[in-house]
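The values are calculated or read from the model by the stated rules, or taken from the named source; none is laboratory data. Predicted model, so just to flag it, every value in this text is computed and none were measured. As a convention, Cβ positions derive from the backbone with ideal geometry for all residues, glycine included, and neighbour counts pool all protein chains shown.
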Amino acid sequence: MVGYYGLPFVMSLYLQQQRGLSASATGVAFLPMMLIGLILTPFSARLVGRFGARTMIVVGLVVMALGLASVAALSVSAPVSLIAVLMMLVGLAGPFVAPPVTAVLLSSVPGELAGTASGVFNTCRQVGGALAVAVFGTLLVQMPSFVAGIRASLGVAAVLSLLTAIVSRGL
């Protein structure tokens, strides 16, 4: 969730404040990232059935880490269209990670605890997203430049995604 919530936070600020895009144009830049989730989410269960939850989770996290690292490494003059394409890699994490993790969680608890487990899981997702925004906001203002703050933020998110993928292999 750190990368999934953190990327839109820092990149929307970057695209509007540093690149001068309007809020609407920034939304258009995020559209491919969001559409990939919309298109692929209905197929998540089928993909998990074919490849297994662990594989989907690990692949999703690795692809997300690659996307985050790629966006972080871009030149400040990179075309917005390239940024949008690379952000799609982060968007893949939604349908590749969230539904399989939810399925693994809910299948590992007794039925009478499913509501509690789901509530705890969703709370953790929200806390992770909120912490990402707080930490990334701090990095944006503490680093020598705004771009350095973005690179540090996305680098942290990429490393966390990769570490989570490594830990997920052992599930």
What pairs can you find where one residue is in region 124-143 and touching a residue at least 60 places away in the same chain (Cβ under 8 Å), the other is outside any helix (DSSP H, G or I), and their Cβ atoms are less than 7 Å apart, with a gap of 6+ or different chains? Arg125/Met1; Gly128/Met1; Gly129/Met1; Ala132/Met1
Which one of the conditions (1) modelled with pLDDT under 95; (2) under 25 Å from Leu47 (Cα atoms) does Val85 fail to meet, given that it meets all the rest? (1)
Working only within region 10-24, note down all residues that are touching a residue at least 40 places away in the same chain (Cβ under 8 Å) and among the hydroxyl-bearing types (Ser, Thr, Tyr). Tyr14
Among Gly27, Gly49, Gly94, which is the only one that is free of Cβ contacts under 8 Å to residues at least 12 places away in the same chain, small (Gly, Ala, Ser), in a helix (DSSP H, G or I) and closer than 27 Å to Val167 by Cα? Gly49
If Ala134 satisfies all but one of (1) small (Gly, Ala, Ser); (2) surrounded by 13 or more Cβ atoms within 10 Å (Cβ to Cβ); (3) out of contact with any helix residue (DSSP H, G or I) (no Cβ under 9 Å at 6 or more places or on another chain), what's the number of the condition it fails? (2)
Let me confirm something: among Gly111, Gly119, Gly94, Gly128, which residue is over 20 Å from Val48 (Cα atoms) and touching a helix residue (DSSP H, G or I) at 6+ places or on another chain (Cβ under 9 Å)? Gly128
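Could you tell me whether any residue of region 111-120 is assigned to a helix (DSSP H, G or I) and either among the acidic types (Asp, Glu) or on the phi > 0 side of the Ramachandran plot (or both)?
If we filter region 111-120 for residues that are assigned to a helix (DSSP H, G or I), which is where we start, we get 111-120.
Remaining after also requiring either among the acidic types (Asp, Glu) or on the phi > 0 side of the Ramachandran plot (or both): 112.
Looking for residues that are assigned to a helix (DSSP H, G or I) and either among the acidic types (Asp, Glu) or on the phi > 0 side of the Ramachandran plot (or both), one finds at least one in region 111-120, hence yes.
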Unmet criterion (only one of (1) out of contact with any helix residue (DSSP H, G or I) (no Cβ under 6 Å at 6 or more places or on another chain); (2) part of a helix (DSSP H, G or I); (3) over 17 Å from Leu89 (Cβ atoms)) for Gly20: (2)
Select from region 70-97 the residues that are crowded, with 20+ Cβ neighbours inside 10 Å, more than 10 Å from the chain's Cα centre (by Cα) and either farther than 16 Å from Gln18 by Cα or aromatic (Phe, Trp, Tyr) (or both) and list them in ascending order. Leu86, Pro95, Phe96
Only one of Val85, Val76 is touching a residue at least 24 places away in the same chain (Cβ under 8 Å), touching a helix residue (DSSP H, G or I) at 6+ places or on another chain (Cβ under 9 Å) and not in a helix (DSSP H, G or I). Can you tell me which? Val76
Can you name every residue in region 76-133 that is closer than 21 Å to Val2 by Cβ and among the charged types (D, E, K, R)? Arg125
